[in-house]
Amino acid sequence: MKPSRELSDTGRFVRQPNRFTDRLGPPEPGRYRLYASYACPWAQRVLIVRSLLGLQDLLDVTIVDPIRDEKGWRVPGGDPEYLSELYHATDPGYTGRYTVPCVWDAKDERIVTNDFPQITLDLETSWGTAPNLYPERLRPDIAIMNDRLYHGLNNAVYEAGFARDQQVYEEAVTRVFTTLDFLEVRLAGSEFLFDTLTDSDVRLYTTLARFDTVYYAHFKCSVRRLIDYPALWAYARRLYAVPAFRETTDFDQIKRHYYITQTTINPSRIVPVGPELDWSL
């Protein structure tokens with residue numbers, strides 16, 4: 001990531017808007033291909049939902065290399081060689097970062113969407129309904145929860161990690177731990193954020209899976225660790241026990257991506273040993 005593109009004058013990280021926001025059409029085998037990274041929390045969301053809903057035969061997937069260079073995400077042994085080629089095939093004038101997840105439409109030969117918040121909702125409402133991760137009765141509450149998770153945790157860890165101002169950093173990290181404290185209380189005695197597994201749980205899990213391994217040290221979110229929250233730690237391990245979550249969680253790729261790619265934070269590119277965490281129940 002080159003955060004200089006996404007830094008405000010006050011030293012605050014401001015995530016770039018998603019360029020491609022068309023909605024996915026009906027499922028059609030062989031038409032749509034998801035480009036994703038095991039290292040990326042936004043992409044892992046889609047991989048989890050794809051697996052939970054059993055969409056493997058309807059949505060093809062290509063996993064990019066976790067180590068980005070100046071050309072962006074590399075497609076191992078693939079055509080194209082770099083994800084950027086698909087972005088420029090869709091919009092020759094594109095100048096933003098080349099992000100995952102994105103969905104390529106082989107029929108129309110274009111990127112349909114890199115709108116990570118909407119991709120999982122499209123899959124949950126139009127492609128597969130069992131389990132129902134986006135039940136109508138909970139949609140208003142899920143929207144509120146997802147907004148709180150995004151601003152208080154999912155994106156806030158990046159705001160803390162890429163901050164270039166002490167006050168900006170402290171404001172962001174305070175939001176992170178205010179949100180974790182809220183979630184600890186909410187999940188005490190509860191299996192999920194609501195009375196069933198939902199899209200919100202998927203969005204929370206991918207940040208929790210990276211917290212102690214990356215965000216605690218690399219992004220300076222070091223007030224407390226995930227394992228210091230008994231309810232949250234138990235909740236994260238319960239989800240990890242589910243194959244769709246566990247099989248898309250690659251701690252090695254997560255660590256190598258953040259510590260080797262984000263050289264403005266870690267110029268030595270040394271990947272730390274540890275932490276030793278037991279994710280088994």
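The values are calculated or read from the model by the stated rules, or taken from the named source; none is laboratory data. Predicted model only: the values in this text are computed from it and were never measured. Every residue, glycine among them, receives a Cβ derived from its backbone with ideal geometry; neighbour counts consider all protein chains shown. SASA here: full protein model, heavy atoms, side chains in, ligands and nucleic acids out. Shrake-Rupley method; radii C 1.70, N 1.55, O 1.52, S 1.80 Å.
Residues of the range 91-134 that are open to solvent by less than 50 Å² (accessible area, probe 1.4 Å), within 17 Å of ARG15 (Cα to Cα) and either of a type in the set (Ser, Thr, Tyr) or not in a strand (DSSP E or B) (or both): TYR94, GLY96, ARG97, THR99, VAL100, PRO101, THR113, ASN114, ASP115, PHE116, PRO117, GLN118. So which of TYR169, TYR158 is in contact with a Phe, Trp or Tyr (Cβ under 6 Å, 6 or more places away or on another chain) and within 16 Å of VAL14 (Cα to Cα)? Going through TYR169, TYR158 in turn, the sole match is TYR158. Please indicate, with yes or no, whether at least one residue in the range 147-156 is assigned to a helix (DSSP H, G or I), aliphatic (A, V, I, L, M), out of contact with any strand residue (DSSP E or B) (no Cβ under 7 Å at 6 or more places or on another chain) and more than 21 Å from ASP122 (Cβ to Cβ). Yes, there is a match, as at least one residue in the range 147-156 is assigned to a helix (DSSP H, G or I), aliphatic (A, V, I, L, M), out of contact with any strand residue (DSSP E or B) (no Cβ under 7 Å at 6 or more places or on another chain) and more than 21 Å from ASP122 (Cβ to Cβ).
Listed by first and then second residue, the pairs linking a residue in the range 86-112 that is touching a residue at least 12 places away in the same chain (Cβ under 8 Å) and over 19 Å from ILE63 (Cα atoms) to a residue that is assigned to a strand (DSSP E or B) and not hydroxyl-bearing (Ser, Thr, Tyr), with Cβ atoms under 6 Å apart and 6 or more places separating them unless they lie on different chains, are THR90/ARG110; THR90/ILE111.
Being open to solvent by less than 40 Å² (accessible area, probe 1.4 Å) and not in a loop (DSSP other than H, G, I, E, B) holds for only one residue in TYR216, TYR235, TYR169, and it is TYR235. When each of ARG210, ARG164, ARG186, ARG139 is tested for being open to solvent by 40 Å² or more (accessible area, probe 1.4 Å) and either closer than 23 Å to GLN262 by Cα or not in a helix (DSSP H, G or I) (or both), the lone residue that passes is ARG164. The single residue among GLU85, GLU124 that is among the acidic types (Asp, Glu) and in contact with a helix residue (DSSP H, G or I) (Cβ under 9 Å, 6 or more places away or on another chain) turns out to be GLU124.
Scanning the range 9-23 for residues that are in a loop (DSSP other than H, G, I, E, B), open to solvent by 20 Å² or more (accessible area, probe 1.4 Å) and closer than 28 Å to PRO92 by Cβ yields VAL14, ARG15, GLN16, PRO17, ASN18, ARG19, ASP22, ARG23.
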